[in-house]
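Chemist: Okay, handing you the structure first.
The values are calculated or read from the model by the stated rules, or taken from the named source; none is laboratory data. Everything numeric in this text was worked out from a predicted model, so none of it was measured. Every residue, glycine as well, gets a Cβ built from its backbone with ideal geometry; the counts of neighbours run over all protein chains shown.
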Amino acid sequence: MRRTEIYIVTGDQELLQNIKNILSFEGYVVTGSATHASQVLREIRTIKTDLILVDSNLQGIKGLELIEIIAELSIPIIVITDRWQKELATITQKRIIQTTIVKPVIPANLLPAIETALATNAEVNKLKNEVDFLKEKLEARKVVEKAKGILMENMELTEEEAYKLIRTQSMKRSKTMKEVAQAIITSSSLFKKK
C-alpha cells in the first residue's frame, strides 16, 4: 500500500524535526520541507505530495498569504499556529485549508488532523468529479435535444424517431450521441437561409 506523502513548511527547526519524527514513526513519508516562504514559492509547481503542513509563522511572506497561493494546487493544507486566529476560521470555512493545529504539535492532534484532511479532500475530489460528469451529461443532453429539434423540423420526424436516428447513427459510426448531434447541428447551420 502506498504511504501518504507530506510536505512541511516551517522556519522553526525544532518544530520541523518534531513533525518529521512523528510522521516517520507513524509511517508517513516526508517528501520535503521548506524553511522560508520564498523556497516554497520557487518549488510550488513541482511539489508532489498528498498534504502540506504550513506553519503560519513564516519569514518572507505571511503564512496566510502563502496558504492562499498553495491552495491553487488543490492539495489539502493543514495550518500550524501558535494561537487560534479569526483569519484561520475564515479560510477554513472557505475550504482553502482543511484544518488548523495549535502548537504544541503532538501525535494526538496531528494524526487525526492529517487523516481527516485526507479523507475530506478525497470526498471533495470525488464530488468534483461527479459534478463534472453530470455537467458533461447535461451538456450532451442539450446538444442531443437541439439536434432532435432540427431533425423533427427538417425531416418531419417525431421526437422518438429523431432520437432513434441519432442513436442509430451513433452506434453505426462508433461516435457518442453528442458527437452525432453536434454534427447534425453543424451541418444544419451550413444550409440555413440567412
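Chemist: Using beta carbons and a limit of 6 Å, which pairs, at least six apart or on different chains, have the first residue in segment 18-36 and within 22 Å of residue 65 (Cβ to Cβ) and in the same structural domain as residue 47 (by TED's automatic domain parsing) and the second one of a type in the set (A, V, I, L, M, F, W, C) and assigned to a strand (DSSP E or B)?
Modeler: Between residues of segment 18-36 that are within 22 Å of residue 65 (Cβ to Cβ) and in the same structural domain as residue 47 (by TED's automatic domain parsing) and residues that are of a type in the set (A, V, I, L, M, F, W, C) and assigned to a strand (DSSP E or B), the close pairs are 19/8; 33/8; 34/9.
Chemist: Please work out if residue 176 is under 30 Å from residue 4 (Cβ atoms) and either assigned by TED's automatic domain parsing to the domain that holds residue 79 or not basic (Lys, Arg) (or both).
Modeler: Criteria not met by residue 176.
Chemist: A further question on this structure: Could you list all residues from segment 39-78 that are at pLDDT 75 or above and in contact with a Gly (Cβ under 8 Å, 6 or more places away or on another chain)?
Modeler: 43, 47, 49, 54, 55, 56, 57
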